[in-house]
Structures are given as structure tokens and as C-alpha cells.
1. Within segment 56-90, how many residues turn out to be in a loop (DSSP other than H, G, I, E, B) and either at negative phi or crowded, with 21+ Cβ neighbours inside 10 Å (or both)?
2. Read through the list (1) touching a Pro at 6+ places or on another chain (Cβ under 6 Å); (2) modelled with pLDDT under 95; (3) of a type outside the set (Asp, Glu), then give the number of the only condition that residue 149 fails.
3. Within segment 182-237, which residues are buried (at least 18 other Cβ atoms within 10 Å of the Cβ), touching a helix residue (DSSP H, G or I) at 6+ places or on another chain (Cβ under 8 Å) and in a loop (DSSP other than H, G, I, E, B)?
4. Considering only residues of segment 1-27 that are surrounded by 12 or more Cβ atoms within 10 Å (Cβ to Cβ) and in a helix (DSSP H, G or I), which is farthest from the chain's Cα centre (by Cα)?
5. Within segment 245-265, how many residues are in a strand (DSSP E or B) and either within 14 Å of residue 183 (Cβ to Cβ) or among the charged types (D, E, K, R) (or both)?
6. Would you tally the residues in segment 107-119 being buried (at least 18 other Cβ atoms within 10 Å of the Cβ) and either of a type outside the set (A, V, I, L, M) or outside any helix (DSSP H, G or I) (or both)?
7. Condition first: buried (at least 21 other Cβ atoms within 10 Å of the Cβ) and in a helix (DSSP H, G or I). Now tell me which residues in segment 141-170 satisfy that.
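The values are calculated or read from the model by the stated rules, or taken from the named source; none is laboratory data. Owing to the predicted nature of the structure, the values given are computational and were not obtained by experimental measurement. Quick reminder, even Gly has a Cβ in these numbers, built from the backbone with ideal geometry, and neighbours come from all protein chains shown.
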Amino acid sequence: MRGIGGSTAEAELAALKPWPNPAPAITAEDRGERLAKAQDLLADIGADAIIVGAGPSLRYFAGVAWNPTERLVAMLLPRHGQPKMICPRFELGSLQAGLGIAADIALWAEHESPYALTVAELAGMGAKTLAIDPALPFFVVNGLALAAPGLALVDGAPVIDGCRMIKSPAELALMAQAKAMTLEVHRRAARILADGITTTAVRRFIDQAHRALGADDGSSFCAVQFGVASAYPHGLPGEQSLKSGDVVLIDTGCKVQGYNSDITRTYVFGEPSAEVRRVWDVEKRAQAAAFAAVKPGVPCEQIDAVARAVLADAGFGPDYDLPGLPHRTGHGIGLSIHEAPYLVRGDKTPLAPGMCFSNEPMIVIPDAFGVRLEDHFHVTEEGAAWFTEPQPDLEEPFRPRN
């Protein structure tokens with residue numbers, strides 16, 4: 001099998017250097033356009049303002065790369081005018097250092113209620129209807145409701161998703177870099193495989209390789225599955241050791257300026273059985289069929305239906321039954337690894353240029369093995385464009401480099 005084994009972690013890491021020609025950062029002008037679009041969408045849903053909590057959406061709009069905690073850090077965006085940040089007083093310096101937009105800042109001390117402060121700021125904006133970031137924790141929403149019983153709270157998903165699901169050229173460039181980096185890590189991870197190597201050792205290498213290439217914080221996640229563990233979409237607990245004939249399924253990704261990659265490769269260490277070859281070939285056809293079906297205006301759920309039809313024709317399923325595909329065909333991706341919309345039955349969102357998705361119609365053979373090929377595409381005016389070249393075949397998982 002070409003490209004599998006024959007090297008060491010030390011040799012592969014020594015050959016890696018920071019990524020050449022990194023994609024440009026998101027600019028203040030980019031964020032200004034996002035805020036303006038969000039304000040237009042607020043008008044569409046009849047809301048006077050939206051609250052966006054710490055997490056990917058706050059990074060998207062304000063450049064603040066903070067994870068949510070029990071302390072409220074948020075942005076209030078009115079339908080008209082400048083946004084206002086809500087922040088703990090002791091975090092002011094950190095917030096200012098990361099803030100990527102022009103915004104006023106309202107501060108609260110540890111003994112004060114951030115919800116009362118937020119309600120007061122909303123009153124100053126004349127807001128009577130507040131759109132809620134769908135990722136905002138319940139305790140925040142409850143705190144706001146108790147602080148202002150007369151404030152109407154509405155779902156802010158049409159605003160958040162309406163902005164984030166269409167990627168700009170700058171976002172596509174950052175995602176393309178992240179995915180290209182992860183594909184290179186996959187290629188090198190295959191080369192370090194050897195009889196007896198553990199899943200822990202491979203995960204450690206993948207993290208170190210992502211770091212060597214300049215990913216934000218190494219691997220954002222990593223699943224390494226050998227043999228029967230590959231039959232479980234997210235693996236099994238505990239460590240496994242590789243042996244000849246094992247199916248190898250590796251699913252990993254990284255972040256570049258917050259934008260995610262998420263790529264899966266499946267191959268065999270040693271000689272594949274006839275059944276593994278058959279299943280791998282069906283998986284390859286299902287992934288290709290889903291890609292070919294992508295056109296602007298096509299409902300997301302149709303892509304899932306196309307992939308499942310290929311599997312059903314080969315005797316898998318139906319629906320989520322095993323042997324077959326136990327989950328959706330794909331998910332949106334961007335600043336969140338899984339984000340709207342989704343390639344799944346029931347999601348009727350029309351595909352549109354700039355949307356980005358995984359394409360991963362996994363086949364699970366219970367108690368035996370699984371095959372998942374996962375690459376990502378973005379929708380264009382003509383159809384779909386791959387971020388990364390799909391796995392060419394089972395026995396040569398990576399094209400030789402020039």
C-alpha cells in the first residue's frame with residue numbers, strides 16, 4: 001500500500017515548517033459588513049436588537065475569541081447605531097486587546113447583575129424586542145427575562161445563521177488553508193503507521209504536526225480508530241494497537257484564525273479484504289454522487305437523499321438502518337465545526353453560493369468496520385467546489401507529491 005508506513009514521527013515532524021503564504025486575517029471592514037447585514041436581518045424579523053454571547057458568533061461579529069463562562073460577556077447590536085459590549089469590569093483590558101470593531105463598552109462588577117446592566121442598556125437603545133443568539137446559555141436568557149419581564153424575546157437564529165452560513169472570499173481562504181494543512185497532516189500520519197503503534201501515539205503526532213504547520217492550537221479534535229473501533233462513528237474508549245489487516249479511520253481537524261477543518265480518511269494497514277474493498281467503493285460513489293448533486297437552489301435535504309440512494313442501491317440501509325449510514329450526510333462548517341445548515345432530511349434550506357459543508361456519508365458494518373470519507377466543499381454559482389481532493393482510492397489514500 002503506497003504512502004502507508006515506512007517513516008517515523010520524528011522524521012515527519014522534522015520535515016514540517018509553518019504554512020507558507022498564510023491567508024489574510026479578517027478585517028474591521030469585513031466585520032462592519034457583517035454587522036450591517038445583521039441589522040438588516042433584525043429588521044426582517046421585527047427585532048430592535050440582538051444579544052450575541054461569547055463563542056464563535058461573538059468572534060464572527062466582534063473579533064473577540066472568548067469561550068463562554070458563567071460571567072456574561074456579550075454584544076448588544078441595535079437595529080440602528082453602534083454595538084455595545086457587556087463585560088466584567090476586571091476583563092476590560094483583555095476585551096479591548098481583542099476587540100475588532102468600534103463599540104462602546106458597559107462594565108459590571110462582580111457583585112452586580114449583568115442582566116440588569118444589559119436591560120438598562122437595551123432601554124437606552126429603545127429596544128422592546130430582543131433577538132437571542134441561539135447559542136446563548138439558558139441561565140443568561142432566564143436572567144434577562146427576570147430582569148425585564150416586559151421585554152419580548154425572539155429567536156435570533158435567522159440573524160446569526162443568515163450571516164454566518166454564507167462565507168466571504170476571505171473566510172473561504174482561511175478555511176482552504178486549514179483544510180489543506182489537515183490533509184497534509186493526514187498524509188504524514190499514514191506514513192508513521194507501524195505494527196503495534198497505538199492510537200495515542202498517532203493522536204499525539206497529529207497534534208504536533210498541526211502545531212508545526214501553524215494551526216491555532218494544534219488539533220482542534222482527533223479521532224484515531226483501528227479495526228472494529230472504526231464501526232463506531234466517534235470511536236470507542238480506550239487505547240488500541242495497530243495490527244496487519246486493520247481498517248484505519250482517522251478524523252481530525254484544526255483551526256486557522258478560528259476557522260475549522262474536519263477531514264476523515266479510511267484505509268487499511270496491510271491487505272484489504274474483498275468486503276472492505278466493496279464497502280469502500282460504495283462509500284466513494286455515495287460521496288461523489290452527493291457532490292455532483294450540489295446546485296444553488298437545491299434543498300439541503302436533497303443532497304442527503306442522493307447519497308442514501310446510492311447506498312440503498314448497494315443493499316445498505318434503508319434510512320439509518322445498519323449496515324448503512326447512521327447519521328446525516330454532512331454539516332455546515334466555519335467558525336463552528338458543526339453549524340447550520342445541514343445536509344439531512346428535513347433541512348429544506350436552499351443551497352446558495354458561499355455555503356460550506358462536509359460530505360461524509362459513512363457506511364457502518366456493525367461489529368466489523370466502518371468506512372468514512374470526509375471532505376468539504378463550498379457552493380458556487382455552477383455547483384460545488386472541493387476544498388481538498390477526495391481520497392483517490394483505498395490502496396493509495398494520498399496522491400504522491402510532486
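1. Narrowing segment 56-90 to residues in a loop (DSSP other than H, G, I, E, B): 63-73, 79-83.
Okay, now just the ones that are also either at negative phi or crowded, with 21+ Cβ neighbours inside 10 Å (or both), so 64-73, 79-80, 82-83.
Result for segment 56-90: 14.
2. If we test residue 149 against (1) touching a Pro at 6+ places or on another chain (Cβ under 6 Å); (2) modelled with pLDDT under 95; (3) of a type outside the set (Asp, Glu), just (1) comes out false.
3. 192, 193, 215, 235
4. Result: 11.
5. As a first pass, look at segment 245-265 and keep what is in a strand (DSSP E or B): 246-256, 259-260, 263-265.
Still in the list and also either within 14 Å of residue 183 (Cβ to Cβ) or among the charged types (D, E, K, R) (or both): 246, 250-256, 260, 263-265.
Total satisfying the criteria: 12.
6. Looking only at that region, the number is 4.
7. From segment 141-170, those buried (at least 21 other Cβ atoms within 10 Å of the Cβ) are 144, 156, 159-160, 164, 167; that's our starting set.
Matches in segment 141-170: 144, 159, 160, 164.
So that you can scan it fast, the table gives a plain yes or no per residue for (1) farther than 19 Å from residue 366 by Cβ; (2) in contact with a Gly (Cβ under 7 Å, 6 or more places away or on another chain); (3) without any contact (Cβ under 8 Å) to a residue 12 or more places away in the chain; (4) not small (Gly, Ala, Ser):
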position	(1), (2), (3), (4)
284	yes, no, no, yes
293	yes, no, no, no
297	yes, no, no, no
300	yes, no, no, yes
314	no, no, no, no
317	no, yes, yes, no
322	no, no, no, yes
332	yes, no, no, no
